[in-house]
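Colleague: Below is the structure I would like to discuss, written out as structure tokens.
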4 protein chains.
Amino acid sequence: MSEGPPIGVGMLGYAFMGKAHSHGFRGLSYLTWPPPLTPRLIRIAGRDEQAVAEAARRYGFEDHSTDWRELIADDRVELFDNGGPNNLHAEPTIAAAETGKHVLCEKPLGLTGEESYEIWQRVAATGVTHMCGFNYRFVPAVRLAREFLEAGDLGDIRHFRARYLQSWLADPDFAVTWRLDREQAGSGALGDLGTHAFDLARYLVGEIGALSATMRTFVPERPGGEVTVDDAFESVVEFDNGAIGTIEASRFALGRRNSFAFEINGSKGSIAFDMERLNELQVYLEGSTPGGRAPGFRRVLVTETDHPFFVHWWPPGHIVGWGDTFVHELHHLLTAISGEGSVEPHGASLRDGYRASELADAVVRSAETGTRVEIAYRD
Amino acid sequence: MSEGPPIGVGMLGYAFMGKAHSHGFRGLSYLTWPPPLTPRLIRIAGRDEQAVAEAARRYGFEDHSTDWRELIADDRVELFDNGGPNNLHAEPTIAAAETGKHVLCEKPLGLTGEESYEIWQRVAATGVTHMCGFNYRFVPAVRLAREFLEAGDLGDIRHFRARYLQSWLADPDFAVTWRLDREQAGSGALGDLGTHAFDLARYLVGEIGALSATMRTFVPERPGGEVTVDDAFESVVEFDNGAIGTIEASRFALGRRNSFAFEINGSKGSIAFDMERLNELQVYLEGSTPGGRAPGFRRVLVTETDHPFFVHWWPPGHIVGWGDTFVHELHHLLTAISGEGSVEPHGASLRDGYRASELADAVVRSAETGTRVEIAYRD
Amino acid sequence: MSEGPPIGVGMLGYAFMGKAHSHGFRGLSYLTWPPPLTPRLIRIAGRDEQAVAEAARRYGFEDHSTDWRELIADDRVELFDNGGPNNLHAEPTIAAAETGKHVLCEKPLGLTGEESYEIWQRVAATGVTHMCGFNYRFVPAVRLAREFLEAGDLGDIRHFRARYLQSWLADPDFAVTWRLDREQAGSGALGDLGTHAFDLARYLVGEIGALSATMRTFVPERPGGEVTVDDAFESVVEFDNGAIGTIEASRFALGRRNSFAFEINGSKGSIAFDMERLNELQVYLEGSTPGGRAPGFRRVLVTETDHPFFVHWWPPGHIVGWGDTFVHELHHLLTAISGEGSVEPHGASLRDGYRASELADAVVRSAETGTRVEIAYRD
Amino acid sequence: MSEGPPIGVGMLGYAFMGKAHSHGFRGLSYLTWPPPLTPRLIRIAGRDEQAVAEAARRYGFEDHSTDWRELIADDRVELFDNGGPNNLHAEPTIAAAETGKHVLCEKPLGLTGEESYEIWQRVAATGVTHMCGFNYRFVPAVRLAREFLEAGDLGDIRHFRARYLQSWLADPDFAVTWRLDREQAGSGALGDLGTHAFDLARYLVGEIGALSATMRTFVPERPGGEVTVDDAFESVVEFDNGAIGTIEASRFALGRRNSFAFEINGSKGSIAFDMERLNELQVYLEGSTPGGRAPGFRRVLVTETDHPFFVHWWPPGHIVGWGDTFVHELHHLLTAISGEGSVEPHGASLRDGYRASELADAVVRSAETGTRVEIAYRD
């Protein structure tokens, strides 16, 4: 077996997502063996000269820049990976695609549904391969859930309920950051956490036709300035296939650190999941026990040899971490770029990125008007 | 110590609630020692002569009737306990009160908010002691949660999310019963399960000011006839104190048998609960650990000597059952009747019964109109 | 349906076990309908006149005595229920049987294996029905486990591990009680908790052929005197069927209030249980899922209509409590006395009581000698 | 900040441990920033030419060999990492040390206590830095447990119980491998799993003074040959500090895939852990709640910024995987080699490796003789 040819990678952003994506690129080159393409880390861009220089040395990029336009201008870069702040998603991503680079853009795609649509359309028009960074599609347990759903093992879906809870804003003395500023972030819990939930709702259950919502900013003033985004939202969702449920996100849920939990109830079974235990899937299958005397949710440790992505890892029972989802995500993207697969349906394309943003916009609209909002995606 | 004087009890209904209430009366007479009043089971009424006769013998009632009016006419009956079907709540309860009997009526109080209001008003006008059967206020862990909330241990409340999930209708071949008929039941999951959730929302967090909702009847035709009530509902709720959340109920959640689960997030801590593990309360208290190095939800087994109601029971760690909540509920009622306490705030009065029904009506209205509904209780 | 004829009950002990057994007798008369025999509570005996008089009034006994011999002498008493301290097990139980009364004796049966053998032999010789109070055989989940084991659903058994953990002695300032005095209690954690574990080991897996053990008294001096029994023991056990495992008990396990937990691993499946969640059985069945993609322990809520004992109770999902096991236990005993069943194999006879004590003695012997002890029961 | 100077690494074994260690070396160079030394992967050795050549390309080693002596002879190799089968631990490890290379040897150190002692003594005599691959000391939750224990937060330790359960041999048709052959593996569950448990027992609680044990080979014949090692063992252990407990391991526990679980009870608190949820530590601290009304084990997600090793990783709530423990382990080793720290007490030296093997030998001896074995380590 032989690894695939090299592909030049340029990255925007060296903080949280920069580290996570670098981890993915470096890991996939020996974990997913042989890799479809072998990432070559060309250039990383960020605002602070000293920090970006250190990031380049740390993560193994050959060059660095404080201006993202140098990334776009670098012909060695064939894949542009955008992990910058939300207000730097649109322009660089479009520019990269228009110079023929494949693009990966973090979520939420744009600051609004409108901007997200623009990014998707402009990029799609170029013909490059594109993906939006909904890495939770690449959690083994989430993929296994999708497999059960696709196979019809849960029957007709009745309910989907998801909550993405964090707690880092519960302390009112926590200072403002770019994430709390509408200009830079677009929205708060909604875009950061809620879009993950909307994306998995679509990936697992199907399209949402309508929703009703409310939003709150519990602490509008913090050290360092004003909070201009939401702290939390709640919504009731109605799927096109008849299922109904709730989707919510909050950064004010003490005791929940990164608890993205969902549950799906169907006519033949149910599934439950929590990102804090990302190697586990709770599975209930009606009538699957001899004599029917042992009904109950199974705690499935999604680490078996035949479970999604585990061919790349360890023997059963040896769990993977949150960071490892990027190995799967980037492996998927490189496979698509290599021509051996496609981003959709298992990866989120920029079209999916747009749709998640459209749903986030619907939440805002419903919260403001107090009415149920019908979802109408643009093509 | 000496038990209190006798009080004559008359009961309407000998099925599920008849058994549960009889269990409560019989148990409290030796478990809650000394009982404030000693229940004397006088007469039980129900439609089927043979069944009600057997129920009388089984539960220890001195007499039985097929006509509930005989209960009302029996002067020995001082407390009328109405566990009949929902469409038999209004008339007998009002009649009993108007002959001077104290009344306990199961939930949901009336078939609609309007009827519930009528029951409350007519009963309250008589001056008797009245209670609505929201027995989940009498779960030790729920009461402990209330104590933490009252003491301010959770700080300002940000979120309340509750789901009451059962699964008995997931099978489309399950036949219709009175519970699926609007004439007899008023509503489906909404009245049967949802009112429990609304009652605890009010008891624990406070009044709900507005809500948005949707409802579904997934299987409208079943063996034996049409289903004229809801199978499930979802709602977003907004509390007067600024908290937001979701409340839902379903009878289509496979794997969840009687899972009434809620979570509350406040600025100083969080609480989570599931009725399937009714002896446990998950408690998160910010900053309570030395050095702050062991944050996390505690699994509190609510069976300590100083925990609510446990003075009546066993040594720590020896759990109680669902049926035992009726011992606590009826003990509370008899204490109020004896003059040693009051139904409110820990018991639900018929006023609380009305308010839960008003919230249920708001769910219907919001689901039908697609708009957020402001709650305006009548006085 | 009609309840069975009356049977006169006499009880020794009005404290913890007196309350629990009274609860069982009173409850079974309407919960297990129709009861095989209808208990009539005749006389209760205990040392303190005032306390026993109040217990009689509270639990509904017609008479009371401070001398247990009056119980034996009372011809109306047909069943003698011994819930007194351990050093009052032998003489009254034998005396009762020898006057022709059926007997139920709490565990541990005698203060030693020798005394236990004597009790069993003397009682068995009289021909009365006899039972030892191992109530955990009457937990629905334990009975369900037994059914799976009997049906061979777990295959050949490889391991049994049980731990019975409490925490009430962890505080060294907790004062001595009769339970810490060898004269009155015989042993400590070993007899009180360990015999439960040995009994379930035998009931579920089979006879133990050999064991190796150690014991400790961590705090030998307490307020009020010396501790002359063990605080904890650990043992390795070898079953006749080839399985091996561990059995331990301690009163020094902080955070574990009444955690009697066991796990069984077989060649086809596994089972796990914890008394603090007594309505749940964790069940793993190899190969039971379509495609084998969802292996994992199921959390079975043992509350289904067809689960053990649940015919007597509530709809699925409505859990029972620790005290309710006595309803099942006493119903089983009365069924045996009525001639409609037998104490063995599902109830523990005094022979089973003796065998548990023999195993406890083996623990002491092994701990003292440092050698593996082969078990040789006397016939 | 600047990464440390390069260190040449040579590795024996390219299978499970070869992959895990390569993962550790590659990851630490950018995750633990700046790394104390920068690993340079020089040469990997293994028996199969094609496989070792591919491993070299995959993991990034510059050269490869089919003879481990070439590794020893390669002067560029400064650290010898032995992840080969157990019967290749002694000779290569000693040879490497005697040429002045630092050594890391996987567990169990030798095939017997005697051989382990020889390895330790011969290596220690050379003065190189040495470590035994007990990677579970580098699980964040295990390290946090150690911190609580060292600080005295649990008080005097009463109990330690550990079980390391896997299930891959439950199927009798599973064929023999080198791990089931005494010549190559030394022992079975005992050396492979049990030594991990003995090592953590020593690391967390202290030295074991005596033990009693039993062992079993449930399936002595398998496809491909005879099984000459143990399938499982059970032991009772007595610590020098007075604590007692059980330690066991099995490969026949269906439903347990890599469940290395332990619990520690002390006079002030308790701790529980399961490797299948390696990011969580269950912590009980007596008296730590205001008013004492919320006692209970906390589920601590060991992912906080100030938790062990998390400075290298992600924001709170974003969990790590099993493979990531090697990043911590190798970072620790390189820190020691760099002179900025020492292997002991947090890493296991070869002395610790020897002691774990001595305890394993004691299990064999006790199982064979049926007597309690006192532990006497050689200096």
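Read-outs throughout are calculated quantities, based only on the coordinates presented, and are distinct from any laboratory measurement. Fair warning: this is a prediction, and the values are worked out from it, not measured in the lab. Note that we place each Cβ from the backbone using ideal geometry, even for glycine, and neighbour counts take in every protein chain shown.
Colleague: Taking amide hydrogens as modeled 1.01 Å from N in the peptide plane, which residues meet the under 5 Å criterion relative to A:ARG40, leaving out close sequence neighbours?
Modeller: Correct list: A:ILE7, A:GLY8, A:VAL9.
Colleague: In addition: Please compute the net charge surrounding A:LYS107, taking Lys and Arg as +1 and Asp and Glu as -1 over other residues with Cβ under 10 Å from its Cβ.
Modeller: Local net charge: -4.
Colleague: Rounded to whole Å, how close does chain C get to the rotation axis onto A by Cβ? Give me the residue too, please?
Modeller: C:ARG298, 2
Colleague: Testing the spin-label approximation: label points 7 Å from Cα along Cα→Cβ at D:PHE174 and A:GLU98. State their distance in nm.
Modeller: The answer from the label model is 5.9 nm.
Colleague: Follow-up. Can you sort B:HIS346, A:HIS331 so the residue with the fewest Cβ neighbours within 10 Å comes first?
Modeller: Ranking B:HIS346, A:HIS331 by Cβ neighbours within 10 Å, fewest first, gives B:HIS346, A:HIS331.
Colleague: Give me a comma-separated list of calculated 3J(HN,Hα) values for region B:71-80, in order, Karplus coefficients 6.51, -1.76, 1.60 applied at θ = phi - 60°, integers in Hz, x for any Gly or Pro.
Modeller: Each residue's phi maps through the Karplus curve to give 5, 5, 7, 7, 5, 5, 7, 9, 10, 9 Hz.
Colleague: Here is a further query. Mind listing the label-point distances from B:PRO172 to the same position on all other copies, shortest first, one decimal in nm, points 7 Å along Cα→Cβ?
Modeller: 4.6, 5.3, 6.9
Colleague: Rounded, prolate or oblate, given the Cα gyration tensor of region C:23-133, with a/c below 1.5 counting as rounded?
Modeller: oblate
Colleague: Relative contact order (percent) for region D:33-182, with alpha-carbon contacts under 8 angstrom and 6 or more residues of separation?
Modeller: The value is 13 percent.
Colleague: Show me, for region D:211-227, the HN-Hα J-couplings you get by feeding each phi into the Karplus relation (A = 6.51, B = -1.76, C = 1.60, θ = phi - 60°), rounded to Hz, glycine and proline as x.
Modeller: Each residue's phi maps through the Karplus curve to give 8, 10, 8, 9, 9, 8, 10, 6, 10, x, 10, 9, x, x, x, 8, 9 Hz.
Colleague: So which trypsin sites (Lys or Arg not before Pro) in region D:329-379 end up in coil per DSSP with only 16 or fewer other C-beta atoms within 10 Å?
Modeller: Here the trypsin sites (Lys or Arg not before Pro) that fit, given the DSSP loop and packing criteria, are D:ARG378.
Colleague: Using θ = phi - 60° and the Karplus form 6.51 cos²θ - 1.76 cosθ + 1.60, what ³J(HN,Hα) does each residue of region D:256-264 get, whole Hz, x for Gly and Pro?
Modeller: Those phi angles translate into 10, 8, 8, 8, 9, 10, 9, 9, 10 Hz.
Colleague: To continue, here is another question. Counting each DSSP H run of 4 or more residues in chain C as -39500 (n - 2.57), what helix-only mean residue ellipticity at 222 nm follows after dividing by all residues, to the nearest 500 deg cm²/dmol?
Modeller: Working: 10 runs with 114 residues, N = 379.
Theoretical 222 nm ellipticity from helices: -9000 deg cm²/dmol.
Colleague: If you average the sequence gap of Cα pairs under 8 Å that are 6 or more apart and divide by the length of chain C, what percent do you get for the contact order?
Modeller: 20 percent
Colleague: Non-local amide H neighbours of B:ALA249 (under 5 Å, H modeled in plane, Pro and chain starts lacking H): which ones?
Modeller: Amide H neighbours of B:ALA249: B:TYR164, B:PHE233.
Colleague: Report, for C:PRO34, each distance to the same residue's label point in the other copies, shortest first and in nm; define the point 7 Å along Cα→Cβ.
Modeller: 3.7, 8.2, 9.0
Colleague: Still on this structure, please answer the following. In which sequence would D:LYS268, C:LYS19 go, from the one with the fewest C-beta neighbours within 10 Å to the one with the most?
Modeller: Going from sparsest to densest Cβ surroundings: D:LYS268, C:LYS19.
Colleague: Gap in Å between the Cα centre of region A:234-301 and the Cα centre of region A:75-132?
Modeller: Centre-to-centre distance over Cα atoms comes out at 33 Å.
Colleague: Check which residues have an amide H placed less than 5 Å from C:HIS159's amide H, if you skip close sequence neighbours.
Modeller: C:ILE244, C:ASN265
Colleague: Which distances, shortest first and in nm, link B:SER338 to the matching position in the other copies, using label points set 7 Å out along Cα to C-beta?
Modeller: So the label point of B:SER338 gives 3.5, 7.3, 7.8 nm to the other copies.
Colleague: May I pose another question? Taking DSSP loops as anything outside H, G, I, E and B, show the longest stretch in chain D free of GluC sites (Glu not before Pro) there with at most 14 other beta carbons within 10 Å.
Modeller: For GluC sites (Glu not before Pro) (loop position, at most 14 other Cβ atoms within 10 Å), the longest site-free span of chain D is D:63-206.
Colleague: Counting other C-beta atoms within 10 Å, which of D:SER259, D:SER338, A:SER212 has the fewest, and how do the rest follow?
Modeller: D:SER338, D:SER259, A:SER212
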